[in-house]
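Working notes for the structure below.
Any read-out appearing in this document is the output of simple, stated calculations on the displayed coordinates, not a laboratory observation. Keep in mind that what you see is a predicted model, and the values were worked out from it rather than measured. Methodologically, a virtual Cβ is constructed for each residue, glycine included, from the backbone with ideal geometry; neighbour enumeration extends over all protein chains shown.
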Amino acid sequence: MEKKKPTTTRITRAFRAAGLAGLGLLASCANFNTFSVQEDVTLGVRAYEDVRSKEPLVTSGPALEHVLRVTERLVPAALVDAPSFAEKFPWETVLIQEDSTLNAFCLPGGKMAVYTGILAVTQDEAGLAVVMAHEIAHATARHGTQAMTRQLALSGGLAMLGVVLEENELNPEYSMAIASISATLLTLSYGRDAELEADRVGLITMARAGYDPRVAVEFWQRMEAQGGGAPPEWLSTHPSHGHRIEQIRSLLPEALAIWESTQGRGGSSTESDF
Ligand SMILES: [Zn+2]
């Protein structure tokens, strides 16, 4: 756990205590975040450990190599535009063997998971880059703990959190709070604005990594054709497929210019090698 400066700690405590004292309204603002960056990592790593212990993981083979290749290209590209703290995130991806799940997620702090089911829709590296760059943007913009802050503000839980999280990791109350908060990370809805922001940032990231951003439009059209049955991250609080495709099209000139500047430095990004 990062050692905080006393002043920062006092301010953090004051903000957290204020949550119960009626500043839930402040915390309901989209960008307010009661968690520290280090807590993003702590909570994300905890949730990731749960996923790794409970889900059937793909541990070798071409599908895993495919996912890891895209991760290795996207993370450095994302860091170009990300806040500096993201460089310290312990970026890592697992592939979960679940063909019926069309999903992927990136936890606060940079731990990611891709379900094998989404690979049928992403089709190739550029298609997977659409999904993963979007998820990475959620982590660098800290949408997870922002959404958690709003949820705690609504439930009056901010002050409790302030007391508990100032304790150390040996405190059983701290461990229980980390466990219960991290367990809910996977069910959070970030909200439409956050989703559109992740689409926008993700589009620039994939272009910077050398993936043709026009693939994003094709990917969302394929997702639209899939219809229902999608898990929470992609559900009702997401913008409609039509809305996000419209936004992506409006951002394509900027993204294409970035992508074109990468061509010739690493070859075409549209190869279908999976
Ligand atoms: Zn999202």
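A few remarks follow.
- Considering residues of segment 190-209 that are more than 9 Å from the ligand (Cβ to nearest atom) and surrounded by fewer than 23 Cβ atoms within 10 Å (Cβ to Cβ) only, the residue farthest from THR149 (Cα to Cα): ILE204
- Among the residues of segment 214-227, the ones that are without any contact (Cβ under 8 Å) to a residue 60 or more places away in the chain and aliphatic (A, V, I, L, M) come to 2 in all.
- Pairs linking a residue in segment 188-213 that is over 13 Å from ALA139 (Cα atoms) and in contact (Cβ under 8 Å) with a residue 12 or more places away in the chain to a residue that is among the hydroxyl-bearing types (Ser, Thr, Tyr) and away from the ligand (no atom under 16 Å from the Cβ), with Cβ atoms under 6 Å and 6 or more positions apart or on different chains, are GLY210/THR262; GLY210/SER269; TYR211/SER269; ASP212/SER269; ASP212/THR270.
- Within segment 180-205, tally of residues that are in contact with a Phe, Trp or Tyr (Cβ under 8 Å, 6 or more places away or on another chain) and either in a helix (DSSP H, G or I) or polar (S, T, N, Q) (or both): 1
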